[in-house]
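The structure appears right after this line, and notes come after that.
The values are calculated or read from the model by the stated rules, or taken from the named source; none is laboratory data. Please read these numbers as outputs of a predicted model, since none were measured by experiment. Positions of Cβ are backbone-derived with ideal geometry, glycine not excepted, and every protein chain shown enters the neighbour counts.
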Amino acid sequence: MKKIMSLAILIIALFGNSCQIDLGGNVDLTTDTKSEGWITGRVVIPSIDKNKLVWNGLSGVTVSITRTNYSTVTATSGEFSFDEIPTGTYDVTFNKDVFTSNMTSTVTVRRQQESDMGDITLYNYDTYIVYGILYNEDKNTPAGRVQLDLIRYYHGSPLEVELSTITNSTGEFGFTLGGGASITFYGLRANNKKNVKWLDSNAESIKIDSKIMNQDAYIIN
């Protein structure tokens with residue numbers, strides 16, 4: 001028995017956790033020692049729903065691990081996964097039609113662990129989002145249930161109404177703009193009057209300079 005225990009101790013010293021020894025002294029060297037893990041995540045796109053910014057899963061996105069043959073397509077929920085990926089650090093690319101091409105994110109795979117990449121955001125080339133909260137003149141109380149027009153400006157003057165909405169009960173508003181928005185200035189009008197300014201700049205119009213702009217506004221009298 002002492003010889004068996006001595007042998008068991010020697011094997012454990014050599015193989016560590018990669019072996020199993022039962023009470024009868026039998027040694028199992030076939031335990032899974034794969035140095036692999038798995039990758040999971042979700043691809044999302046931003047949109048406006050009832051004047052709120054939301055992130056919806058995007059299906060049909062091709063997800064590829066660079067310098068390998070691993071590739072998959074996102075499900076309806078936007079989720080994706082890779083199984084039995086060798087340990088290491090990888091660049092993962094995300095591609096679909098009119099959305100941001102060659103979007104790349106880095107992930108590290110560890111032995112027998114899940115590497116969750118979380119939410120990966122893609123943007124439509126021709127879509128811009130402006131959202132925020134409309135306040136009353138005190139710049140503190142939300143202006144709920146107000147008709148709010150988004151107006152295109154030309155050379156500093158209001159030109160035409162681009163989009164309209166009704167703020168929700170907490171004063172939130174949101175607009176989704178098409179191509180060309182990034183070179184245009186926009187202002188707001190509440191209840192068919194020219195009486196709104198953007199809060200941060202205290203200006204009547206601002207330039208849309210990013211895919212998603214969080215810009216609060218306030219009503220002036």
(request) Those residues that are over 9 Å from Ile133 (Cα atoms) and over 21 Å from the mean Cα position of the chain (by Cα), I need them from region 162-178; list them, please. (result) Glu162, Leu163, Ser164, Thr165, Ile166, Asn168, Ser169
(request) Hey, can you tell me all the residues within region 42-61 that are of a type in the set (D, E, K, R) and over 17 Å from Glu79 (Cβ atoms)? (result) Asp49, Lys50, Lys52
(message) Go through region 53-79 and report how many residues are among the charged types (D, E, K, R) and modelled with pLDDT of 95 or more.
(response) 1
(message) Please go through region 96-129 and give me each residue that is in a loop (DSSP other than H, G, I, E, B) and touching a Lys or Arg at 6+ places or on another chain (Cβ under 6 Å), ordered by number.
(response) Tyr123
(message) When you check Gly132 against the structure, is it in a strand (DSSP E or B), touching a Lys or Arg at 6+ places or on another chain (Cβ under 9 Å) and small (Gly, Ala, Ser), yes or no?
(response) no
(request) Please indicate, with yes or no, whether at least one residue in region 29-45 is part of a strand (DSSP E or B), polar (S, T, N, Q), modelled with pLDDT under 95 and outside the structural domain of Phe175 (by TED's automatic domain parsing). (result) no
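Okay, residues lined up against (1) among the β-branched types (Val, Ile, Thr); (2) within 22 Å of Leu53 (Cα to Cα); (3) surrounded by 12 or more Cβ atoms within 10 Å (Cβ to Cβ); (4) at pLDDT 95 or above:
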site	(1), (2), (3), (4)
Thr106	yes, no, no, yes
Gln113	no, no, yes, yes
Gly118	no, yes, no, yes
Tyr131	no, yes, yes, yes
Leu134	no, yes, yes, yes
Lys139	no, yes, yes, yes
